[in-house]
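Encoded as structure tokens, the structure appears first; notes follow it.
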């Protein structure tokens with residue numbers, strides 16, 4: 001399943017009183033001939049690189065929907081949910097890291113989420129549940145980010161050309177063309193410099209978004225603010241769960257093992273340092289955008305708070321400021337697409353590449369170019385056809401991100417380390433897993449319900 005011995009065994013030979021340490025070559029087996037692990041998940045990075053990858057995967061433009069989630073929850077529930085989800089995911093990702101480090105220390109390093117499920121829960125879990133779930137969630141994130149990239153391009157177009165006639169699907173196709181080129185980056189490790197730029201860009205557009213919301217909130221054009229939750233009864237309840245799903249998706253990752261796989265051995269302690277880098281950015285950006293956006297627009301916050309900066313195509317901020325903010329967002333979301341493409345790239349390489357040939361041989365370059373391009377083309381087509389960004393994000397959070405990020409890490413840790421059933425760790429992990437399961441089930445129902453409610457206003461290739 002893509003596992004390998006982290007440090008090859010050594011033997012000591014003595015001759016005429018001299019000692020020499022000899023490395024015994026590991027036995028070649030089918031696992032080591034997995035082209036997906038060999039070409040995509042190269043273990044060459046540092047903990048800094050890990051931090052860059054983590055930040056790009058988590059601090060993505062989806063966080064611009066947090067003020068909208070606050071509008072469904074209100075001030076108190078919104079802030080508590082945001083902080084609590086941050087603490088739980090940090091704890092959850094730390095547990096995953098510890099499990100991965102444990103298996104690496106006993107000579108079986110796991111490179112993928114499905115490898116963890118295979119080794120810890122059994123082959124069926126990896127092959128039929130975790131593997132397909134992770135692949136679907138990550139590819140869904142590619143579709144959602146492609147849609148968001150198209151929306152950013154359209155936003156820039158409307159700022160510069162208020163009466164323009166171009167449609168959303170056209171901008172999605174343009175953005176898809178950009179990612180079609182960038183998707184040919186050969187490995188996850190090769191994205192490290194791109195993801196460093198991505199980290200800086202997410203700080204930049206979040207600072208711009210926060211400053212813009214505060215400026216509008218104090219300006220003479222400030223909208224009338226209402227912080228009450230407008231829905232009541234069953235609609236209010238489902239709105240709560242829909243908001244929880246959005247927040248869970250915002251923190252969602254689903255590729256912690258693949259990110260840790262990019263770290264050069266020994267891996268001990270490096271993932272935790274990367275998480276500290278990531279969550280320092282998370283704390284700065286998530287709170288600033290959600291609080292300032294909800295403060296400025298209240299329950300009128302839209303699914304992307306940047307949409308509140310335009311009223312009837314009239315900008316509430318200087319055009320140059322809106323353009324800079326959206327360019328930062330546009331470039332960063334292209335990096336997010338590349339990160340979430342990696343599980344798909346692993347599957348493509350495993351199925352069509354020959355590990356006995358060179359990574360850049362014609363035999364491997366041609367299928368890589370063809371199938372990665374097809375993957376982007378399909379994602380772009382689906383994004384153009386189904387422009388329901390907020391609803392998609394909520395459903396992804398409930399159905400995929402919560403199981404991968406809130407439930408399975410607790411189970412993996414308890415099964416691997418077997419903490420005492422009288423211990424706080426065991427019951428804390430069990431409690432988080434059970435509550436998360438309930439939230440996932442109810443959140444999925446709420447998200448599907450919202451999609452059906454909104455479907456009557458949507459159509460294929462809608463110009464939203």
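The values are calculated or read from the model by the stated rules, or taken from the named source; none is laboratory data. Remember, it's a predicted structure, so these values are computed and weren't measured experimentally. Every residue, glycine among them, receives a Cβ derived from its backbone with ideal geometry; neighbour counts consider all protein chains shown.
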Report task. Could you grab the pairs with beta carbons closer than 7 Å, sequence gap of 6+ or different chains, first residue in segment 284-299 and on the phi > 0 side of the Ramachandran plot and free of Cβ contacts under 8 Å to residues at least 40 places away in the same chain, second one in a helix (DSSP H, G or I) and crowded, with 19+ Cβ neighbours inside 10 Å? Result -> none
Report task. Identify, from the list 322, 275, the residue that is closer than 26 Å to residue 195 by Cβ, in contact with a strand residue (DSSP E or B) (Cβ under 9 Å, 6 or more places away or on another chain) and in a helix (DSSP H, G or I). Result -> 322
Query raised in the report: So, of the residues in segment 416-428 that are within 14 Å of residue 99 (Cα to Cα) and within 28 Å of the chain's Cα centre (by Cα), which turns out to be surrounded by the most Cβ atoms within 10 Å (Cβ to Cβ)?
Result: 416
Query - Filter pass, residue 379 being touching a residue at least 24 places away in the same chain (Cβ under 8 Å), out of contact with any strand residue (DSSP E or B) (no Cβ under 7 Å at 6 or more places or on another chain) and farther than 22 Å from residue 252 by Cα - result: no
**Report entry** Index of the failed condition, residue 192 passing every other in (1) over 28 Å from residue 311 (Cβ atoms); (2) in contact with a strand residue (DSSP E or B) (Cβ under 9 Å, 6 or more places away or on another chain); (3) not in a helix (DSSP H, G or I)
**Finding:** (3)
Requested in this report: Determine if segment 213-222 includes at least one residue that is within 30 Å of residue 360 (Cβ to Cβ), assigned to a helix (DSSP H, G or I) and under 30 Å from the mean Cα position of the chain (by Cα).
Outcome: no
Requested in this report: Take segment 395-424 and flag every residue that is in contact (Cβ under 8 Å) with a residue 12 or more places away in the chain and more than 30 Å from residue 450 (Cα to Cα).
Outcome: 411, 412, 413, 414, 415, 416, 417
Query - Enumeration of residues in segment 278-302 that are assigned to a loop (DSSP other than H, G, I, E, B) and surrounded by 22 or more Cβ atoms within 10 Å (Cβ to Cβ) - result: 301
Query raised in the report: Taking the condition within 22 Å of residue 249 (Cβ to Cβ) and more than 19 Å from the chain's Cα centre (by Cα), does residue 137 pass?
Result: no
Query raised in the report: Any chance segment 254-266 includes a residue that's surrounded by fewer than 24 Cβ atoms within 10 Å (Cβ to Cβ), at pLDDT below 90 and over 21 Å from residue 398 (Cβ atoms)?
Result: yes
Query - Of all residues making up segment 224-252, the number that are surrounded by fewer than 21 Cβ atoms within 10 Å (Cβ to Cβ) and part of a loop (DSSP other than H, G, I, E, B) - result: 9
Query raised in the report: Would you say residue 216 is surrounded by 18 or more Cβ atoms within 10 Å (Cβ to Cβ), touching a helix residue (DSSP H, G or I) at 6+ places or on another chain (Cβ under 9 Å) and closer than 22 Å to residue 90 by Cα?
Result: no
Report task. Taking only segment 147-169 into account, find how many residues are in contact with a helix residue (DSSP H, G or I) (Cβ under 8 Å, 6 or more places away or on another chain) and either crowded, with 17+ Cβ neighbours inside 10 Å or part of a helix (DSSP H, G or I) (or both). Result -> 15
Query - Residue tally, condition assigned to a loop (DSSP other than H, G, I, E, B), touching a helix residue (DSSP H, G or I) at 6+ places or on another chain (Cβ under 9 Å) and in contact (Cβ under 8 Å) with a residue 60 or more places away in the chain, over segment 325-363 - result: 5
